[in-house]
Structure formats: structure tokens, C-alpha cells
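The values are calculated or read from the model by the stated rules, or taken from the named source; none is laboratory data. Owing to the predicted nature of the structure, the values given are computational and were not obtained by experimental measurement. We place every Cβ from the backbone using ideal geometry, glycine too, and count neighbours over all the protein chains shown. For accessibility, only protein heavy atoms count, side chains too; no ligands or nucleic acids. Shrake-Rupley method; radii C 1.70, N 1.55, O 1.52, S 1.80 Å.
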Amino acid sequence: MNQLRIAVLNAAHRDENTTRNFRRELDGSLSEFDATSGEVPDNFDYDAAVVTGSRSSVYWDEEWMQATKTWVGEAIDRDIPFLGICWGHQLLADVLGGTVEDMGAYEVGYSEIERLGESRLFAGVDGAFTAFTSHSDEVTELPPGADPLAENHYSNHGFRKDRVFGVQFHPEYDTKTARELVHRKDLSDDRLQSILEEITDENYQRACEAKLVFDNFLEFAREVNAVDVSAEASSDASASLGCSD
């Protein structure tokens, strides 16, 4: 099939690293929208959608965020496959009826995460894997009917509900993004130095395994869209022949 048409809702407050990272990791025809400026797609003509990380909290009362949630909710109702990263993971959980709260700690740096059983999103990823993390909020209650996919001692790190997937970690981060992020944070000198020492090419290579979530999500979206197109063609053919149940 042709390249997937992917809507990227960028909530990173115009951080140029986010655009670069997602364009590198997502193999498709991308349409990017600056969610923090209140920009969302004006239609739902997409094969998949991705929601990025953000410096904001999902539970803040901000006008741009409500516009994003409204579009996301309708897109989910239209069965568009979704992938949320970090804040995007939390936003999808919130829209689907889950709970997001301040976790009273800040997880940042390369973390060890455990898969919970088998899942399409984590195909090919080890049972325990490394990924870069940066968050102080967490999904404390998954949406009704959602399946947990990954976790560590900080929080849930992945879930699925129907065609919606979320991961709390950042599989898209490169070392430049990681270094710039920790320099922006209000960290003690000791913790800042400790985290910077973790951001090495070796740790980055270890974390590259987690990038498989992008490939797995896109393959899922291709299969879903192939089935939907086939079903639509069959329905159109039946209608043209005057078929009925």
C-alpha cells in the first residue's frame, strides 16, 4: 500500500528536537500539528495518529489541551490507530477514561522497564529493556478495558485499548535530545551530573531496542487499514449489486 498518512500532534511547545525525532522514527507521510498553539487536523483523513510528549500536565486546564482532547476523542471513535508517547500516553489514557496524577517523584534518564506478557506493540523487545524516561506524572488508573503492557517501580509504562497504544518512556530520544532536556530541568548538581554521565552512545544503543514500538505500531496500522479498505470495498460492491442481509 502507499505510505501511511500519519497525523502527529506535537505538544512539545515547539521543541525542534521533537520534530526531528518523530520524522526520523515514523515511516510515513507525516502531517504535523502544533497542538500547544491550538492546532489540530480539520478532518480525520488519516491512517494513524501519534501524540508526542509535552512539558505540560494532562490535568491542567488549558484551552489548547481541550481542543486536542476533543479531536483525539473523535478520532478514536472513528477507529484511527493511535500511539501516545509520554504525555501522549497520559493524554490517551485520560481521554479513554483513565486517571493521570502527579507521582511525587521525577523519573529521568535511562531506566529499566519490564514487559507484561506478550503484546503486539512490544514484539521483538526483550522482557526487560532499557529506555530513556522523563516524567513526573503517571497513569495511576488505566482506562476501563485497557491492558497493561509494561511497567517499572515508578509507574505503568505501556497500555493498549483496542486500536490505541501508549508508552510512558521516550523511544524516539537521541543523545542530543536527552542532554538538552536534563539541562532544562531543575535538578541538583549531583543528580544532573549523574544523569549526564548515563547519556552515552553505549546506553543509547541499548535503548534502540525500544524503537521497535514504532515499527510494530506502524505495521499494526497498515494491517488495520488494509482490512478497513477491504471491508469498505466489499460493502460498496454489495451495495452496487443490490445485496442485503
- Out of G84, G145, G28, any idea which swings most in a Gaussian network model of the chain, alpha carbons joined below 10 Å? G145
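Within 15 Å, Cβ to Cβ, of T99, how many net charges do the neighbouring residues add up to if Lys/Arg are +1 and Asp/Glu are -1? Walk me through the numbers on the way to the answer.
Values: positive: K69, K161; negative: D94, E101, D102, D137, E138, E141.
Local charge sum for T99: -4.
In the chain, what percent of the accessible surface is made up of carbon and sulfur (1.4 Å probe, ligands and nucleic acids excluded)?
43 percent
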- Message: Please check: in the Gaussian network model of the chain (C-alpha springs, under 10 Å), which one of V50, V139, V229 has the largest mean-square fluctuation.
- Response: V229
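What share of the DSSP beta bridges in the chain is antiparallel, in percent to the nearest 5? Show your work: numbers first, answer last.
Numbers: 23 of 40 bridges.
Roughly 60 percent of the beta bridges in the chain run antiparallel, per DSSP.
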- Message: Given the options G158, I80, S188, identify the residue whose Cα lies farthest towards the positive end of the charge dipole of segment 5-227 (+1 on Cβ of Lys, Arg; -1 on Cβ of Asp, Glu).
- Response: I80
- For the chain, built as a Gaussian network whose Cα springs stay under 10 Å, the top-fluctuating residue of G124, G158, G109: G124
- Query: Of the labelled options [x] 1.03; [y] 1.00; [z] 0.95, which one gives Rg/Rh (Cα atoms, Kirkwood Rh) as computed for this structure?
  - Reply: [y]
- Note on the structure: If each K or R counts +1 and each D or E counts -1, the residues other than G117 whose Cβ falls under 15 Å of its Cβ total -2
- How big is the gap, in Å, between the Cα center of segment 1-68 and the Cα center of segment 113-162? 21 Å
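So what is the calculated 222 nm ellipticity per residue for the chain, using -39500 (n - 2.57) for each DSSP H run with n of 4 or more, over all residues, to the nearest 500 deg cm²/dmol? Walk me through the intermediate numbers first.
Numbers: 7 runs with 90 residues, N = 245.
Mean residue ellipticity at 222 nm (helix-derived): -11500 deg cm²/dmol.
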